[in-house]
Amino acid sequence: MVRMSGRSMGTILAAGAALAGRISEAHAQAPRPWEMGMQPPFSPVAERIHSLHDVVLVIITLITLLVGALLVVVLLRFNHRANPNPSKTSHNTLIEVIWTVVPILILVVIAIPSLRLVYYEDRTKDPALTIKVTAHQWYWEYGYPDQGNLDIESRVIPDDQLKPGQLHLLEVDNPLVLPVGKDIRILTTSSDVIHSFFIPSLGVQRYAIPGRVIETWVRIDKPGIYRGECNQVCGINHSQMPIVIQAVSDQDFKAWVEKTKSEQQTSEREPVKNLRFAENKD
């Protein structure tokens with residue numbers, strides 16, 4: 001990948017700041033101190049993941065309470081003091097049928113929505129945009145094959161270059177720019193080892209495997225900043241592969257594409273660095 005001149009980068013950054021000023025309802029989704037639950041969902045897939053999680057959590061809680069209650073009953077009614085003459089019963093057909101059939105029914109209740117979710121998040125029909133994500137040790141490369149083959153690299157910002165308010169190991173020099181409200185196909189692969197493309201608030205997680213292309217999709221509900229990272233142990237700098245997605249309106253995305261194409265044409269076919277949008281703070 002080649003670099004742009006300081007003037008070109010300054011022009012793009014200025015355009016990015018102007019576009020970012022028009023972004024409404026920006027949400028900076030990232031891990032927070034003492035966070036107990038999952039990040040709020042901002043895509044249809046993430047919403048379904050949360051719904052399935054809630055159903056399974058209720059089932060697990062009921063099972064835990066039932067097992068705990070049975071243990072208390074056993075301790076109180078069948079200890080050597082309360083029951084000095086233990087029963088010699090070795091089989092109970094009704095109980096054996098219950099503890100065989102009930103777990104099967106529980107697994108079916110969990111399996112049906114789980115399989116539906118797996119197929120739902122697998123791919124989308126007639127996507128409006130395709131993004132190719134290539135993982136490297138240790139940075140991300142994002143390609144826009146249907147937008148003039150635009151190509152950008154995204155690397156972590158070192159701690160000594162962080163600005164006030166920026167997050168440790170979660171900031172990048174070039175975020176992935178995507179439009180909101182569009183079905184976007186994501187194709188993941190890797191140039192070296194196995195990585196993982198993971199954005200919790202968007203419900204996106206796919207392995208990036210050398211020699212393979214794995215598909216998923218996303219539709220972002222609102223403009224804003226969405227953060228993730230590689231959660232597959234991929235080497236010594238595994239912790240330095242953050243993912244930052246800048247979701248913008250369709251109009252702003254088209255403006256960014258045109259601006260980037262123009263910069264690419266005037267830089268002697270050099271791959272253009274991505275537009276760095278200013279981050280709105282709540």
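Does Val233 meet the test of being part of a loop (DSSP other than H, G, I, E, B) and either in the same structural domain as Gly143 (by TED's automatic domain parsing) or in contact (Cβ under 8 Å) with a residue 12 or more places away in the chain (or both)? Talk me through it step by step, then tell me what you get.
Details: part of a loop (DSSP other than H, G, I, E, B): yes; either in the same structural domain as Gly143 (by TED's automatic domain parsing) or in contact (Cβ under 8 Å) with a residue 12 or more places away in the chain (or both): yes.
Here the answer is yes, as Val233 does meet what is asked.
If you go through region 106-116 one residue at a time, do you hit one that is exposed (fewer than 14 other Cβ atoms within 10 Å of the Cβ) and under 17 Å from the mean Cα position of the chain (by Cα)?
There is no residue in region 106-116 that is exposed (fewer than 14 other Cβ atoms within 10 Å of the Cβ) and under 17 Å from the mean Cα position of the chain (by Cα).
Mind checking whether some residue in region 88-96 is of a type in the set (Asp, Glu), closer than 25 Å to Arg212 by Cα and either assigned to a loop (DSSP other than H, G, I, E, B) or modelled with pLDDT under 95 (or both)?
Within region 88-96, the subset of a type in the set (Asp, Glu) is 96.
Within this subset, residues satisfying the condition of being closer than 25 Å to Arg212 by Cα are none.
There is no residue in region 88-96 that is of a type in the set (Asp, Glu), closer than 25 Å to Arg212 by Cα and either assigned to a loop (DSSP other than H, G, I, E, B) or modelled with pLDDT under 95 (or both).
I'd like to check something: does region 138-146 contain any residue that is modelled with pLDDT of 90 or more, farther than 30 Å from Arg48 by Cα and not β-branched (Val, Ile, Thr)? Walk me through it before giving the result.
From region 138-146, those modelled with pLDDT of 90 or more are 138-145; that's our starting set.
This time we only want the ones that are farther than 30 Å from Arg48 by Cα, so: 138.
With not β-branched (Val, Ile, Thr) added as a condition, the list becomes 138.
Yes: region 138-146 contains one or more residues that are modelled with pLDDT of 90 or more, farther than 30 Å from Arg48 by Cα and not β-branched (Val, Ile, Thr).
Which of the residues that make up region 187-206 are in a strand (DSSP E or B), over 16 Å from His238 (Cα atoms) and of a type in the set (Ser, Thr, Tyr)?
Thr188, Thr189
In this structure, is Gly181 closer than 27 Å to His53 by Cα, crowded, with 21+ Cβ neighbours inside 10 Å and in contact (Cβ under 8 Å) with a residue 12 or more places away in the chain? Lay out the reasoning, then the answer.
On the way: closer than 27 Å to His53 by Cα: yes; crowded, with 21+ Cβ neighbours inside 10 Å: no; in contact (Cβ under 8 Å) with a residue 12 or more places away in the chain: yes.
For Gly181, the condition - closer than 27 Å to His53 by Cα, crowded, with 21+ Cβ neighbours inside 10 Å and in contact (Cβ under 8 Å) with a residue 12 or more places away in the chain - is not met.
Please find, within region 32-58, the residue that is modelled with the lowest pLDDT out of those that are surrounded by 10 or more Cβ atoms within 10 Å (Cβ to Cβ), part of a loop (DSSP other than H, G, I, E, B) and among the hydrophobic types (A, V, I, L, M, F, W, C).
This residue is Met38.
Pick from Ser239, Ser190, Ser154: which is surrounded by fewer than 16 Cβ atoms within 10 Å (Cβ to Cβ) and either over 13 Å from the mean Cα position of the chain (by Cα) or β-branched (Val, Ile, Thr) (or both)? I'd like the intermediate steps shown before the answer.
On the way: Ser190 fails: surrounded by fewer than 16 Cβ atoms within 10 Å (Cβ to Cβ); Ser154 fails: surrounded by fewer than 16 Cβ atoms within 10 Å (Cβ to Cβ).
Exactly one of Ser239, Ser190, Ser154 is surrounded by fewer than 16 Cβ atoms within 10 Å (Cβ to Cβ) and either over 13 Å from the mean Cα position of the chain (by Cα) or β-branched (Val, Ile, Thr) (or both), namely Ser239.
Of the residues Val133, Val97, which single one is of a type in the set (A, V, I, L, M), assigned by TED's automatic domain parsing to the domain that holds Ile152 and surrounded by 10 or more Cβ atoms within 10 Å (Cβ to Cβ)? Break it down stepwise before answering.
Values: Val97 fails: assigned by TED's automatic domain parsing to the domain that holds Ile152.
So the residue among Val133, Val97 that is of a type in the set (A, V, I, L, M), assigned by TED's automatic domain parsing to the domain that holds Ile152 and surrounded by 10 or more Cβ atoms within 10 Å (Cβ to Cβ) is Val133.
The values are calculated or read from the model by the stated rules, or taken from the named source; none is laboratory data. On a predicted model such as this, the values are computed, not experimentally measured, just so you know. Cβ atoms come from the backbone with ideal geometry, glycine included; neighbour counts cover every protein chain shown.
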